[in-house]
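Below is one structure, written out as structure tokens; the observations come after it.
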Amino acid sequence: MSLLDVVIIGAGPAGLAASIECSEKDLSHRVIEKGSIVESLRRFPTNMVYFTTPDLLEIGDLPLVTSHEKPSRLEALKYYRRVADRYRLPLNLYEKVEEVGRQNGLFRVRTTLQARKTGENRTYLARKVIVATGYYDNPNQLGVPGEDLPKVSHYYREAHPYYQMEVAVIGGANSAAESALDLFRSGVRVTLIHRRPELSSHIKYWVRPDIENRIQRGEIRALFETELTEILPHQLRLKGKNGQRSEIPNDFVLALIGYHPDYGFLESMGIQIEPEKGRPVHDPETLETNVPGLYVAGGMVSGRETNKIFIENGRFHGSQIVPHLAAHL
């Protein structure tokens, strides 16, 4: 079993940026990812266009070339594959980290292969560990009866499967608004259900007038100050502002109410979690957690406040972490 300087858990943009920093300092390391490279981005809506300009998604010194002002999901996926090739990043894809423990002052990382030799276990020893696992794998739950029905999803890919169906979109932020618009324009009967009196203030400036106009015209039905209380095979049970109960017909539910880090995994490594905001306890300058030698990077750093850290600022976490850990190897 060889000894590595660093193990990076997660091959999203933050993990890739940290790997580039490690390579530039000649640190022996591996990037271990349970899915594909930038797995969360792969699972974004098929026709998604990023809010930001290409230069704010770039890592290393490789430019992101796009055909329009803002990059598409497909262009971003191609770009991060090019990054991995350009820097020859040491990626272990489809390999899931099961446990991170300590052994004689080192980190012992135990994994399971997800592809080819499925079920095969591996173990790595590392002086330092960077956790960049994001939060997209852990959707917030509605906590209502029927949430486990097959017609319920916490992710949205495309509108085609829902054509001519009654679809309820739960939420009031960007994902909910953009999905509702895409569904409406694809011949879907959409009901937007949100527990607050109005849409989120964080909705993209070009999306807000569009969704508000569709709601005003009755093209998208919106139920504000309304909570979903039960999901049934063919209808939904709701509770309105004044406690009134109602039912609406329904074929599918898209519960787009946000995501959170894998707290169980973080706590299993000894990382403490701030109770109020759900952030892993860390030094804001170095991103080292309360466990010496164990760092966090990317969106998961902000805990439940998922609107604080994006690719645009999370891509710089590697340049905060790696100089510090290199100085303490």
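Computed from the coordinates by the stated procedures, all read-outs in this text should not be read as laboratory data. Quick caveat: nothing in here was measured; it's all calculated off a predicted structure. Neighbour counts run over all protein chains shown; Cβ positions are idealised from the backbone, glycine included.
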Exercise. If a residue has to be over 12 Å from Leu256 (Cβ atoms) and assigned to a helix (DSSP H, G or I) to count, how many in segment 148-181 make the cut?
Worked result: 4
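Restricting the search to segment 1-30, which residues are assigned to a loop (DSSP other than H, G, I, E, B) and aliphatic (A, V, I, L, M)? Spell out how you get there, then give the answer.
Taking segment 1-30 and keeping what is assigned to a loop (DSSP other than H, G, I, E, B), we get 1-2, 10-12, 25-28.
Met1, Ala11, Leu27, listed by residue number.
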Problem set entry | Residue in segment 217-226 that is in a strand (DSSP E or B) and under 21 Å from Asp148 (Cα atoms) present | no
Problem set entry | Check on Gly146, farther than 22 Å from Ile321 by Cβ and of a type in the set (Gly, Ala, Ser) | yes
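Would you check which residues across segment 31-46 are part of a helix (DSSP H, G or I) and either farther than 18 Å from Glu98 by Cα or touching a Ser or Thr at 6+ places or on another chain (Cβ under 9 Å) (or both) and list them? Please lay out each step first, then the result.
First, the residues of segment 31-46 that are part of a helix (DSSP H, G or I): 39-42.
Ser40, Leu41, Arg42, listed by residue number.
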